[in-house]
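Worksheet: the structure to be examined is printed underneath.
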Amino acid sequence: MGRIMKIIAEMCQNHNGKKQVLQKMVEVASKSGADICKIQTIKARDLIYWEEFEKFRPYEKEYERLKSLELSIDDEKRFVDVCYANGVTPMTTIFNPRDWERFNDIGYSLLKVSGYSIGKLLPELKHYNFNHVYISTSSKTLKELQKVKDVLKKHDISEDRYTILNCTCIYPTPLEKLNLQNINYYRDVLGFKNVGLSDHSNPYEDNLLSSKLAIFQGIDALERHFTILKPKETRDGKVSINPPMLTELSRFSRLTKEQQYEELNEFNKKQKFNHHYYRNRF
């Protein structure tokens, strides 16, 4: 069965500001089965203070670290070129709604909007030249998500041009907090056509079970933090998959539903996974 789901390898902060590492990440992700490679357009001055984060991540202390992760316009253009040369599509997360000129100049076709940026960025999407936008649900209520749909319709962005990514902003996300049941709710109740998962669970603890269950549910996109470094060498190491894990997710996504079910059922029998969400499905 051919796979139509997109796998997004989120480079996030795992390049540690080193351009050579970022290039290698793209090359390895492509060989491991990624369809999209994503970075974050980070500007320390824009992120120096977000009220939502201040309690657990004070940005005065974060400024220098964030500054070291900044990429210049030339760096991002190089990233885009390397992506296309390796057969993957480049994408970035924009935090500043005024960065549309930079986005368009670099030549991205895919854009991600974080849950914390929805209110600022969605009204500005008309300025961005994109083919598709991925929108995170992190920190958003169901009522707010319905408003997102209304705003997109108001700006004539068709449902074929955006995907809602179910996301829990806890790093790493405990399995009981993933809320995978939202995937069907977003489709069946809220009426979103394209729904995916931004998975921040610990892949070393659940053996990719959460991502595989979401794939089995028929998601349109799976976003996972990706690293070629050891988990302790990067801030997001605990929630990041490595190349063999990415290869495994790519393999699993290409199976038929019957094959996926058999593998998940067998895993459940061996692991005796005792969480109600998973137990009730097998």
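The numbers here are math on the coordinates, done by the rules we state, and not lab data. On a predicted model such as this, the values are computed, not experimentally measured, just so you know. Note that we place each Cβ from the backbone using ideal geometry, even for glycine, and neighbour counts take in every protein chain shown.
Tabulated data
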read-out: Lys, Arg +1 and Asp, Glu -1 on Cβ, resulting dipole of region 147-260 about Cα centre, debye, nearest 20; value: 160
read-out: In sequence order, calculated HN-Hα J values of region 77-89 (Karplus, 6.51, -1.76, 1.60; Hz; x Gly/Pro); value: 5, 5, 4, 4, 4, 5, 4, 5, 5, 9, x, 10, 9
read-out: Selection from T92, V113, A29, by position along the positive dipole direction of the chain (Cβ); value: A29
read-out: Long-range amide H partners of F192 with built H, under 5 Å; value: R187
read-out: Helix-only CD estimate at 222 nm, as mean residue ellipticity for the chain, using -39500 (n - 2.57) per DSSP H run (n ≥ 4); value: -11500 deg cm²/dmol
read-out: Degrees, to the nearest 10: 142-154 long Cα axis against longest axis of the chain; value: 60
read-out: Among I94, I164, I106: highest mean-square fluctuation, GNM of the chain, C-alpha pairs under 10 Å; value: I106
read-out: When each of K67/K177; K24/K232; K77/K257; K24/K147; K38/K149 is checked by Cα-Cα distance, pairs over 28 Å; value: K67/K177; K77/K257; K24/K147
read-out: Built amide H within the under 5 Å cut-off of L165, gap 5+; value: I135, S136, T137, G196
read-out: Whole-percent pair-distance distribution, where bins are 10 Å wide, for the alpha carbons of region 6-255; value: 7, 32, 40, 20, 1
read-out: Rounded to the nearest 20 debye, dipole of region 6-255 from Cβ charges on Lys, Arg, Asp, Glu; value: 120
